[in-house]
1. Which FRET efficiency, nearest 0.05, do HIS423 and THR72 yield, Cβ-Cβ r, R0 25 Å?
2. Could you put GLU19, GLU205 in order of accessible surface area, largest first, with the 1.4 Å probe and the full protein assembly present?
3. Give me the one-decimal nm value for the distance between modelled label points at ALA224 and GLU284, 7 Å along each residue's Cα-to-Cβ direction.
4. Through the Karplus equation 6.51 cos²θ - 1.76 cosθ + 1.60, θ set to phi - 60°, convert the phi angles of segment 210-221 into ³J(HN,Hα) values in whole Hz; use x for Gly and Pro.
5. Please give the charge dipole size of segment 391-455, origin at the Cα centre, charges +1 on K and R Cβ atoms and -1 on D and E Cβ atoms. Round to the nearest 20 debye.
6. Among 125-133, 292-300, how do they line up from the highest to the lowest mean number of other beta-carbon atoms within 10 Å?
Amino acid sequence: MFMVTMRPSAGSGFWSSPEAWRYRSFVRRRRVRRIDVGGEPEGKGERGRRAAQEFQRQVAAQQRAAGHRAMTGPVALELRFVSTRPTPPAIHRMAKWALDVLEQPGPTVALSADRRPLVYRNDRQVKLLHVSLDQAWPGDGHRPGPEGPKTIIHAQPLRDAVEDLRVSHELSTVGQRHFMDRDVFGEDEEDDYPRIGPPEEWDTEVPQPTGDPARDRFNKSLLAWSTYQNLELAQKRLLIAMDRLVDGAMWSAPYQISASGASDGDGTRRRPELLDLVEQHETEPWQDLLSFPLTLPLPSLPENTADRRTFRDALYLSMEDFRGKWPILKNLVVPIKVTMLVVPPQQGKDLDNLALDVLPAVHEVLRPHIEPRRFTPRLLAEGDPAATQTRREHDQALKRLKSLNVQSVTAYQVVELKRRPEHPPQGLLRLTLGLGDGYDHHTQSLWKRTDRRLWRRLHGL
């Protein structure tokens, strides 16, 4: 239960107090759209057209119940898809469909009252986008889980997401340690990434033949298992480190996100004499990230339809070059998330259309897998009574995967950055890899994680 709180007066000194953080977080949280839509996520095509009306009705009903209207300003959006059918659409095609049907057309377009309001006016308002997909089809002969297929939507004004990030960063740097455990992205009990033990490697020295065929076969399987485990741990450490670099830039310099504005802690616009200093401070984390060796530079964004084929060809060449430079990522054995960092061209760029070009190249060249652990070498000694059952379960799992989009990232996000004078007219595009949604990690957007964490710490919930 929440108590109704009157807005304090401007001269009360309240706005510089910790209580103001609590008050504002409550106000911002009321503007978050949390929407669960039942039914299979779709893509473009006849199925998508048939499903769009029911999807919009469910969205509109929850919008009306919460007293929300369609947002008119920049938006931070997270979409999580759960599909329980075989051969669902690709993750980027689901996102393209959802971004379109969440768009509320103008008054000149016929849209029944039960399909209003939707989430925003135009999908170009989306400046932060995070998408994840759980292909939860259990396989033939198995019933789907209790939740069923659905789309989970977390949408909020971009200014609110940015302010949450700013306050979270400020709380960690001004000595307010009673609000924070240790560090927003450090090794505390709320760390968002899987725990990885000390950097110890399994022995991969080739064992000498023993003369016992069964023993030699087991040693060979142990060698393959150890090699796989070492690669998995190394990739997870690397990808988590890249995730934290992206999180750190967003967290410490959120006002470099496109259309986010720039304000002081009391919500007023920053004074002109501070802007140069703030810009210099806030651009450094992003410049470091954009130039980091593991950040993949991609070709210039196409300015028109005729340039799109050239852009796609250059994408594949860039991916191949990256894969050749980093042998540790040549064979991916963990689920993958892709982050696209975009400085838009002068005429703008739809984030959903960008993914339609980039992700197919990622899938074809880097070949990420949705459940790579299924291919972990097995360690079962001959004669083990559990071997037969384990092999049967393994074969069933592999059979199930044949009906899914297995060569796919499990999550991706797009971050649109502000244009600066030094940026080229056609914009910039950079790509980083991170740890995807998988067996020990449930990926969520940084702004959703920050919303939850900040609320808990400010309000003691």
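1. Given R0 = 25 Å and the Cβ-Cβ separation, E is 0.40.
2. Largest to smallest exposure gives the sequence GLU205, GLU19.
3. That separation, rounded to one decimal, is 5.0 nm.
4. Residue by residue, segment 210-221 yields 9, x, 9, x, 5, 5, 5, 5, 5, 4, 5, 5 Hz.
5. Dipole about the Cα centre, nearest 20: 80 debye.
6. 125-133, 292-300
The values are calculated or read from the model by the stated rules, or taken from the named source; none is laboratory data. Worth saying up front: this structure is predicted, and the values here are computed from it rather than measured. When we count neighbours, we look across all protein chains shown, and the Cβ atoms used for this are built from the backbone with ideal geometry, even at glycine. In case anyone asks, the SASA skips ligands and DNA or RNA and just uses the protein heavy atoms, side chains included. Shrake-Rupley method; radii C 1.70, N 1.55, O 1.52, S 1.80 Å.
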